[in-house]
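Okay, structure first, notes after.
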Amino acid sequence: MKNVWSFGFKAGLVLAFGLATSSYAVDACKDEMTKARGSEHRVNGNQTGAISGTPWGFEQWSQGGSNNMSYFDNGTFKADWSNNQDFLARVGYRYGDNGSGVDHKTKYYTVDYKYTKTGTAQYGYIGIYGWTVNPQIEYYIVDDWYSKPSEAYIGPKFGEITVDGAKYTIHAFLRDQEPSKTGTSTFVQFFSVRATPRQCGHIDISAHFNKWDELFHGQTANLPTSKNGKKDATLKFGKVTEVMLMTEAGGNATGSVDYSYFDMTDSGTPSEVIPPKDIERKPYKGTAAKIPGTIEAENFDEGNEGVTYNGAQGASGDDGDHEYRGEDYASVDIVNGGTGKAIGYSVADEWLEYTVEVAKDGEYEIEANVSNGSGSGTVELSLDGKALVSLPYEGNTAEDWNTYELAKGKATLSAGKHTLRVTIATANTNVDYVKFTLPGGVGEDSTGVGDSTNVLKNVLRLNNIDRTCQVFDMQGKFLGKVDISAGKSVRDAVKARFQGAGVYLVKQGNFMQRIAVK
């Protein structure tokens, strides 16, 4: 992910300055900073130091490119960078040259902050950062990012904490012979990653430390490593040598950040830590999905994570629809795409379950509408815990997630109520829907294909509105989109767009019709 600076600690930074401490009653998102920003101090190159008159220190570190950081008398800071392989700027507590660290249980850390950012980066963590000793741990509390943290780089989920109004998932990852505080070494990273990003608020830092103590109490786990292998590691949170508010950006990163509010204390008060909610398992909105029919991927069963779904992390900013399923399901990314909404920003082996009602026995044709701008892959289906079918797709390598295609297969289903699991076997796959058709049936799905009455009604409805349709060949390969004006012929529009005789599948929403072009 990044390289880590390895210079010594700044001497003489004491902690008992007589500075007013943070109060959770303050709302950094709304309130103005009560202390004047004061003088601006420019940081030269890779440098650490103390902020005079405060208990805090500062740090700037960069690898490649150009960069600038300035801090102010009240602890706020700003920075800009361009073409950096890795850049970080941070302000907070640093503990002396001897590196013995501080037992976090003797302090209570909180911070209130507000900032703005610009730019792009292949990766970037914004939040709380630091190191511990005995053992050596690098840790992050991630409130925001430049690109969504992936489990490929932060490791598997070990638990979660709900605090400061949001859920954070907790992860661990092993860095194998990578740069660290002690030179090149092997060490563990701990992460708490907020489900939905933000740019201001209050962080109960010690709540995360205490949760890590609870989860990682010296247990041994087999972790993925930065060398793409796996290795046993002892998970234990040690004594902190620094607790800092940080922006990190890497991978040819260019951007800026400006913290207009910063107030960190080591004598704060705890926020409410909410235990995970016990959500009753039931079909989405209480109704089982019908087979034959189309199952919208975003309408997975209601219930707790690990019971009805196993998600990744929330998409950032406008990329995700955070309201569709609400905060309880924030670790599943729902995006606008396909025929409406789709599951996006997926990781390998992410899964979702659906309560389904199969109308009759038979061999069903199955189609999943998917997109992957990284290339080919599969979506795996199982029924009541038993493998059902693998649906392969070609994908593309053009980094285009707006073009969807049909991944196809067949499977025999028995009538009755079942639990369908959809597993996204290949990372970065968007899944729009999964459709089950019983060949030769009448009214076999919600599109009306196979039912001449429904087809006529839908054709008449579509002819009265402007619309954009997706066009596929009879093998399900996506050919492109066509714009059709109200009152215009679908056949004429398809013929003009693709200029080839044949039979096409034209799709809008959940309605699909066959069009023969001569």
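The condition (being polar (S, T, N, Q), under 22 Å from Thr412 (Cβ atoms), under 25 Å from the mean Cα position of the chain (by Cα) and assigned by TED's automatic domain parsing to the domain that holds Glu302) is satisfied by just one residue among Thr378, Thr339: Thr378.
Name the residue, out of Asp349, Asp333, that is surrounded by fewer than 16 Cβ atoms within 10 Å (Cβ to Cβ) and under 20 Å from Arg421 (Cβ atoms).
Checking each option against the conditions leaves just Asp349.
Tell me whether the range 272-292 contains one or more residues that are at positive phi and either at pLDDT below 90 or crowded, with 20+ Cβ neighbours inside 10 Å (or both). Scanning the range 272-292, I find no residue that is at positive phi and either at pLDDT below 90 or crowded, with 20+ Cβ neighbours inside 10 Å (or both), so the answer is no. Of the residues that make up the range 150-157, is at least one modelled with pLDDT of 95 or more and surrounded by 23 or more Cβ atoms within 10 Å (Cβ to Cβ)? No, because not a single residue in the range 150-157 is modelled with pLDDT of 95 or more and surrounded by 23 or more Cβ atoms within 10 Å (Cβ to Cβ).
For the range 70-150, give me every one of the strands (runs of 3 or more DSSP E) that falls completely inside it and has 2 or more residues that are assigned by TED's automatic domain parsing to the domain that holds Glu160, closer than 30 Å to Asp31 by Cα and free of Cβ contacts under 8 Å to residues at least 60 places away in the same chain.
It comes to 137-145.
Residue-level analysis places Ser271 among those that are assigned to a loop (DSSP other than H, G, I, E, B) and in contact (Cβ under 8 Å) with a residue 60 or more places away in the chain.
The values are calculated or read from the model by the stated rules, or taken from the named source; none is laboratory data. If you're wondering where the values come from, they're calculated on a predicted model, not measured in any experiment. Reconstructed Cβ throughout: ideal geometry from the backbone, glycine too, with neighbour counts over all protein chains shown.
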